[in-house]
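Let me begin by presenting the structure, written as structure tokens, before commenting on it.
The values are calculated or read from the model by the stated rules, or taken from the named source; none is laboratory data. No experiment lies behind these values; they were computed from the predicted model shown. Cβ placement follows ideal geometry from the backbone for every residue including glycine, while neighbour counts extend to all protein chains displayed.
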There are 2 protein chains.
Amino acid sequence: MTDLEAGHPADARTEPVLAVDIGGTKIAAGVVDADGRVLVSDRAPTLASHDDDADAIWARLHALCESVLDAAGRPAIQGVGVGCGGPMRWPEGAVSPVNLLPWRDFPLRARLAAAYPGLPVRVHNDAVAVVVAEHWQGAGRGVANMLGMVVSTGVGGGLILGGRLIDGGSGNAGHVGHMVVDPQGPPCGCGSRGCVEAFARGPGLAAWAREQGWRPNDPTANARDLADDARADHKVARAAFERAGWALGLGIASAVALCDVERVVLGGGVSQVGPLLFDPLERTLREYARMEFTRHVKVERPILDQDAGIVGAAGFILRGDRYWSAD
Amino acid sequence: MTDLEAGHPADARTEPVLAVDIGGTKIAAGVVDADGRVLVSDRAPTLASHDDDADAIWARLHALCESVLDAAGRPAIQGVGVGCGGPMRWPEGAVSPVNLLPWRDFPLRARLAAAYPGLPVRVHNDAVAVVVAEHWQGAGRGVANMLGMVVSTGVGGGLILGGRLIDGGSGNAGHVGHMVVDPQGPPCGCGSRGCVEAFARGPGLAAWAREQGWRPNDPTANARDLADDARADHKVARAAFERAGWALGLGIASAVALCDVERVVLGGGVSQVGPLLFDPLERTLREYARMEFTRHVKVERPILDQDAGIVGAAGFILRGDRYWSAD
């Protein structure tokens, strides 16, 4: 099992890495040492104003990178690792994040390669980065076969099989949110229907609750407010998380049958509600995962904090033997 | 792409392999050369009589192995590869095939190791062996990410990701037949409900058709007879395959979202019915697989003949770099 423990291979380089995590609302950057510890990190809003164009966003990201490198004392770095909202062309790293409209096929990898010449730059999905971090240093440590899930505005994920990150044909493996759990289910943003994401994404939860008669005082109330109401025993709010847990449990049951993972690590904003989501999830999973090898899968909460995205991004460089297959 | 082409690695040994394929009704054995060509093969019924105990079955299997080795001129062999009906403890190779009751936790790998001392013996699921054969030499050749399916008495499968066979935590990866496609669907033999297998396995098709009023002249009529009736435009028979195709299409859509496979290779007795199954499968798959990366998956028929099981079993030894992870 030594190969699966955290740490770095014997032949690994010792310089730190510049790591970047790009979401629709915030960007984070950090300098991560060769053992995967965050030495310095900082964050900024992704958009300073609604007028921001692609280059303005890039300029702010680059300034943030320079600022953390300064704060770390301008060390020599061995590479740049990036998690960014999808979709993207992978491994080219030309990104079109759903929640960041000014970037459409934006050449993120090429820009970073020009800014930090001579270094490997590796860009992957932001949910995948979080999953890599949890596998490397968190709730999946030492587990050879793991499904990681991030249940938030969307439902993302990543697959670790045989101790390695699985990329699939186009770098899109791990889209557990678009497994179909109910063929007559609600329409999904992807164009299909009945996907896990259609039931379990935060905005979907809130929209369903409204349809069922949830009337929060604040008209902009979201899944976080819905969670508060569920904890206060509001019937519709509880039913919304029950339904999301049901869909997640079904998706996990199918994923375990197909991939024989030993562990699932499920995080993201929606999961913060805790047992109101995890109890129906577990009940559904145990109802549908009945084979000897599927019965024993464990569903765990993540261990790492909000730095997980940059830790995982650093993993693409520091543990490329496991977490980067593309070059 | 060279690494993904058929053939053997530069450092590979040149001796042939003894390859075995064990099902509920027949056993097959062959001698396969280092390039994966079947030099000699033969088959026998698995059970000679209903009284056969575990040792009688083993004795017949061993005699079949000796007979093909004799027919090949008693070459020095480099190992023994086996595909066997599941479930099994893997990689220990202690097997309990669903359709072979006398073998319960039967130490197949240990028996073969004792019979052919000093050689590696590798035992894996029989559906996995067929999938390996199709990836190595058949319809999946050169494809890095592939789901193979065998739709027959059960619905089995195997996953190739990143050019390698995926085993999962207990050697059970690839159980696409137990992905849940309809949470309100019919009970499945695994204890769950709504699994692909509950809709698409041959006996399930025939049973459903009977419930819907299919009245074949022969009371023992099976899925093959149902296929004949479907070709003759019998309404219920057609609906049975339509329903199976729907379930398979849904399972594939979810598998592609999770694993980002570029190709699916689908064979097995039930698939022989052709377009009556594949048309609804394709229709359903295209309805539910709507993302850029899922839209382009291709579903192909297998290329190899009935020797696929022994070719794949040989692959566990001859291409262990891709198809064997356990030692």
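To keep it simple, each residue is scored yes or no on (1) of a type in the set (G, A, S); (2) buried (at least 24 other Cβ atoms within 10 Å of the Cβ); (3) farther than 24 Å from B:G251 by Cβ; (4) in the same structural domain as B:F278 (by TED's automatic domain parsing).
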{"residue": "B:P107", "(1), (2), (3), (4)": "no, no, yes, no"}
{"residue": "B:R111", "(1), (2), (3), (4)": "no, no, yes, no"}
{"residue": "B:A114", "(1), (2), (3), (4)": "yes, no, yes, no"}
{"residue": "B:L119", "(1), (2), (3), (4)": "no, no, yes, no"}
{"residue": "B:V123", "(1), (2), (3), (4)": "no, yes, yes, no"}
{"residue": "B:H135", "(1), (2), (3), (4)": "no, yes, no, no"}
{"residue": "B:G138", "(1), (2), (3), (4)": "yes, yes, no, no"}
{"residue": "B:L147", "(1), (2), (3), (4)": "no, yes, no, yes"}
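Would you call A:I77 surrounded by 15 or more Cβ atoms within 10 Å (Cβ to Cβ) and closer than 17 Å to A:T25 by Cβ? No: the conditions fail for A:I77. Scanning the stretch B:160-214 for residues that are without any contact (Cβ under 8 Å) to a residue 12 or more places away in the chain and at the interface with chain A (Cβ under 9 Å from one of its Cβ atoms) yields B:I166, B:G168, B:G169, B:P183, B:Q184, B:C188, B:G191. Residues of the stretch A:246-270 being surrounded by 24 or more Cβ atoms within 10 Å (Cβ to Cβ) and more than 13 Å from chain B (Cβ to nearest Cβ), which ones? A:V265, A:L266, A:G267, A:V270 - these are the residues of the stretch A:246-270 that are surrounded by 24 or more Cβ atoms within 10 Å (Cβ to Cβ) and more than 13 Å from chain B (Cβ to nearest Cβ). Within the stretch A:286-294, can one find any residue that is in contact with a helix residue (DSSP H, G or I) (Cβ under 9 Å, 6 or more places away or on another chain) and more than 26 Å from B:A257 (Cβ to Cβ)? No: zero hits.
Give the number of residues within the stretch B:275-327 that are part of a helix (DSSP H, G or I) and within 16 Å of the chain's Cα centre (by Cα).
Qualifying residue count for the region: 10.
May I ask you to verify whether A:A144 is under 16 Å from A:V264 (Cβ atoms), at the interface with chain B (Cβ under 7 Å from one of its Cβ atoms) and without any contact (Cβ under 8 Å) to a residue 40 or more places away in the chain? So A:A144 fails the test. Each residue in the stretch A:91-102 was checked for being buried (at least 22 other Cβ atoms within 10 Å of the Cβ) and at pLDDT 95 or above, and 2 of them qualify.
Yes/no per residue for (1) at pLDDT 95 or above; (2) buried (at least 16 other Cβ atoms within 10 Å of the Cβ); (3) assigned by TED's automatic domain parsing to the domain that holds A:H175; (4) farther than 14 Å from A:G268 by Cβ:
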site	(1), (2), (3), (4)
A:G185	yes, yes, yes, yes
A:G194	yes, yes, yes, yes
A:A200	yes, yes, yes, no
A:L205	yes, yes, yes, no
A:A221	no, yes, yes, yes
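Quick check: anything in the stretch A:48-66 surrounded by 19 or more Cβ atoms within 10 Å (Cβ to Cβ) and touching a His at 6+ places or on another chain (Cβ under 9 Å)? Scanning the stretch A:48-66, I find no residue that is surrounded by 19 or more Cβ atoms within 10 Å (Cβ to Cβ) and touching a His at 6+ places or on another chain (Cβ under 9 Å), so the answer is no. For the stretch B:50-74, a residue qualifies if it is within 14 Å of B:L108 (Cβ to Cβ) and touching a residue at least 24 places away in the same chain (Cβ under 8 Å), and the qualifying residues are B:A54, B:I57, B:W58, B:R60, B:L61, B:H62, B:L64, B:C65.
Results for (1) at pLDDT below 95; (2) of a type in the set (A, V, I, L, M), shown as yes or no for each residue.
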site: B:A6; (1), (2): yes, yes
site: B:P16; (1), (2): no, no
site: B:K26; (1), (2): yes, no
site: B:A29; (1), (2): no, yes
site: B:R43; (1), (2): no, no
site: B:A56; (1), (2): no, yes
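With respect to (1) out of contact with any His (no Cβ under 7 Å at 6 or more places or on another chain); (2) at pLDDT 95 or above; (3) of a type outside the set (S, T, N, Q), the lone exception for B:G189 is condition (2). Exactly one residue out of B:W103, B:W58, B:W90 is over 22 Å from B:G315 (Cα atoms) and in contact with a Ser or Thr (Cβ under 8 Å, 6 or more places away or on another chain), and it is B:W103.
If I go through the stretch A:198-235 residue by residue, how many of them are part of a helix (DSSP H, G or I) and not acidic (D, E)?
Going through the stretch A:198-235 one residue at a time, the tally reaches 19.
Looking at the stretch B:104-122, can you tell me whether even one residue there is at pLDDT 95 or above and under 25 Å from B:L304 (Cα atoms)? Checking the stretch B:104-122: at least one residue is at pLDDT 95 or above and under 25 Å from B:L304 (Cα atoms). Scanning the stretch B:104-125 finds no residues that are within 11 Å of chain A (Cβ to nearest Cβ) and either touching a His at 6+ places or on another chain (Cβ under 6 Å) or of a type in the set (A, V, I, L, M, F, W, C) (or both).
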